[in-house]
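Please read through the structure below; I'll follow up with questions.
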Amino acid sequence: MNEDRAVTAEQAASGIFNGENGLDPFAVFAQMRQAGPILSVPVEMGGVKFKAWMVTRFDEAMQVLKDHGRFTVDRSALESGSSGGESFMRQDESSPATFFTGKSMLTVDEPDHRRLRGLVSKAFTPKYMESLRPRVQGLADSLLDRVQSGGEMDLVRDYAYPLPINVICDMLGIPEEDHADIRLWSGAIAHGLGLGRQEPEVAEHLRAFGEYTARLVHNKRSRPGDDLISQLIALEEEGDRLSEQELYSMITLLVFAGHETTSNLIATGCLMLLDHPDELAKLKADLSLVPSAVEELLRFNGPSTIAGPRYALEDTEIAGQPIRRGEMIFPVLKSANRDELKFDASEELDLTRSISRHLAFGNGIHMCLGAPLARIEADVAFSTLLRRMPELRLAIPREDVAWSFALSSQGLAALPVKF
Ligand code: HEM
């Protein structure tokens, strides 16, 4: 490895995933791609320093995400006699499981993955999602009704955040009065966890989130409703399909994965549109472009920086680079989606671009379960906003817009706008 390549890798590891070095991540990703499709980067997790591989280009990232024979999400699959699904975070034994600490579909291979995902996949089909559209539309309108006459809002606080959390909590049957707690815990967990970083308060929030989930399950056992959690409880009670720990992990995964990323897509997407007035004008002139614009916004600056860690199941190679069994590999989704070998003018936002594939939702068996839901939410959110507030513009200087970095995604802390 030459010196330049090592420096770029250090930069990436030391700040790009938590914003500490203040660099433009896309400039660093471009440098990383120049250096090669796979780079060795120093990482520190739980006080242990080691090297992890970052996969920077589209084809190689796709290969890692899809080749389940060579790469696993389940580190414990490397150890014989393990029960599987171990997370990289250490579990506080006295806390109820969350998907961060327990076994969820995100951290297991087949056949457990198929079993767990199969239990909820019917609730996330594109067809079922379409049936939720009127509810999502009603929510979007009522959120904008509250701010319309004032002529300004914080688009994150008033629109991008409440929309997805209301939708997923509705599906799960989580009462509205609990949303503020959910927001506190999941925000604190997401922001307190960076690549290789775990702030001390995270454990407390994880415990609170886990205990809340256990209480919720307890209440719904005695008074089941017409919601996804009640359906999952019935499956757990049937016996061999879902254990109690898996039930808790599933609920926290759906709550957590179901709102933060989508709100980031809506808020960051709006900022990207405001940054590109010609593209925004095209979209306002023809709102039927919104679904394809959403795909381009996902490609151009989707919420997830990286997919979860993969581990090599055997000594292997990626793009000619030898990889040893057990080594950790991160597909860098945002970099793969800007790969100039895959997309023409990859660093440009082009809302009319025809995209056959991007990696914003990952790929392979762990490809985002909630993608159809996120797509409907984003479609409704952008269409409604641009129809009702065609004069949308930033209310602060562009350089004052603050980013917020979380576990594996990047969003906006706030987005003050006028309309
Ligand atoms: C724009 C919004 C979203 C983005 C960018 C996104 C991104 C992703 C990505 C990249 C993965 C794969 C992670 C990996 O392979 O390591 C994933 C998985 C997942 N997502 Fe999403 N997600 C979004 C919205 C949602 C929503 C609304 C839900 C609803 C519950 C959801 C639930 C899940 C679940 C359950 C998984 C794990 C799937 C599995 O392991 O089989 N996501 N998501």
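The values are calculated or read from the model by the stated rules, or taken from the named source; none is laboratory data. This one's a predicted model, so the numbers in the text were calculated from it and none came from an experiment. Glycine gets a Cβ as well: all are built from the backbone with ideal geometry, and neighbour counts include every protein chain shown. Each accessible area value is taken on the protein alone, full model and side chains, heavy atoms only, with ligands, DNA and RNA left out. Shrake-Rupley method; radii C 1.70, N 1.55, O 1.52, S 1.80 Å.
Enumerate the lysines that residue 51 could reach by cross-link, defined here as Cα to Cα under 22 Å, with residues fewer than 8 away along the same chain left out.
334
Under a crude label model (7 Å from the Cα following the beta-carbon direction), how far is residue 278 from residue 170 in nanometres?
Using points 7 Å along Cα→Cβ, the separation is 3.9 nm.
If you consider only alpha-carbon coordinates, what radius of gyration and Dmax does the range 271-407 have, in Å?
17.7, 56
Ordered by packing density, taken as the mean number of other Cβ atoms within 10 Å over each peptide's residues, highest first, how do 391-402, 207-218, 314-325, 232-243 rank? All intermediate terms of the calculation are to be shown ahead of the outcome.
Working: 391-402: 11.8, 207-218: 18.4, 314-325: 13.4, 232-243: 15.0.
Sorting 391-402, 207-218, 314-325, 232-243 by mean packing, highest first, produces 207-218, 232-243, 314-325, 391-402.
What order do you get for 291-297, 72-78 when each peptide is scored by the mean count of other beta carbon atoms within 10 Å, highest first?
Details: 291-297: 21.4, 72-78: 18.9.
Packing order, densest peptide first, comes out as 291-297, 72-78.
Continuing with this model, one more query. What's the carbon and sulfur percent of the chain's accessible surface, probe 1.4 angstrom, rounded to a whole number? If you can, show how the numbers build up before the last one.
Numbers: 8910 of 17870 Å².
The value for the chain is 50 percent carbon and sulfur by accessible area.
Further question on the same structure: Would you mind computing the Rg to Rh ratio of the range 107-215 from its alpha-carbon coordinates, Kirkwood style for Rh? Before the final figure, lay out each step's value.
Details: Rg = 17.2 Å, Rh = 16.7 Å.
Taking Rg over the Kirkwood Rh, I get 1.03.
With every protein chain left in place, what is the accessible area per residue of the range 128-179 in square angstrom, probe 1.4 Å?
Working: 2230 Å² over 52 residues.
Accessible surface, normalised per residue, equals 43 Å².
Let me ask something else. Residue 191 accessible area, nearest 10 Å², 1.4 Å probe?
It works out to around 60 Å².
Moving on. How large is log10 I(q)/I(0) at q = 0.12 Å⁻¹ when the Debye formula is applied to the Cα atoms of the chain, each weighted equally and without solvent?
Here the Debye-derived log intensity ratios amount to -1.01.
Compute from the Cα atoms of the range 221-319 the Rg and the Dmax, the latter being the longest Cα-Cα distance, and quote both in angstrom.
20.6, 57
Take the cross-link list 49/103; 122/342; 127/418; 49/342 and give me the ones stretching past 28 Å between alpha-carbons. Walk me through the numbers before you get to the answer.
Values: 49/103 25 Å; 122/342 33 Å; 127/418 35 Å; 49/342 33 Å.
Over 28 Å Cα-Cα: 122/342; 127/418; 49/342.
Rounded to the nearest 500, what is the 222 nm mean residue ellipticity of the chain from helices alone, with -39500 (n - 2.57) per DSSP H run of 4+ residues and division by all residues?
On the way: 16 runs with 191 residues, N = 419.
The helix-only estimate for the chain comes to -14000 deg cm²/dmol at 222 nm.
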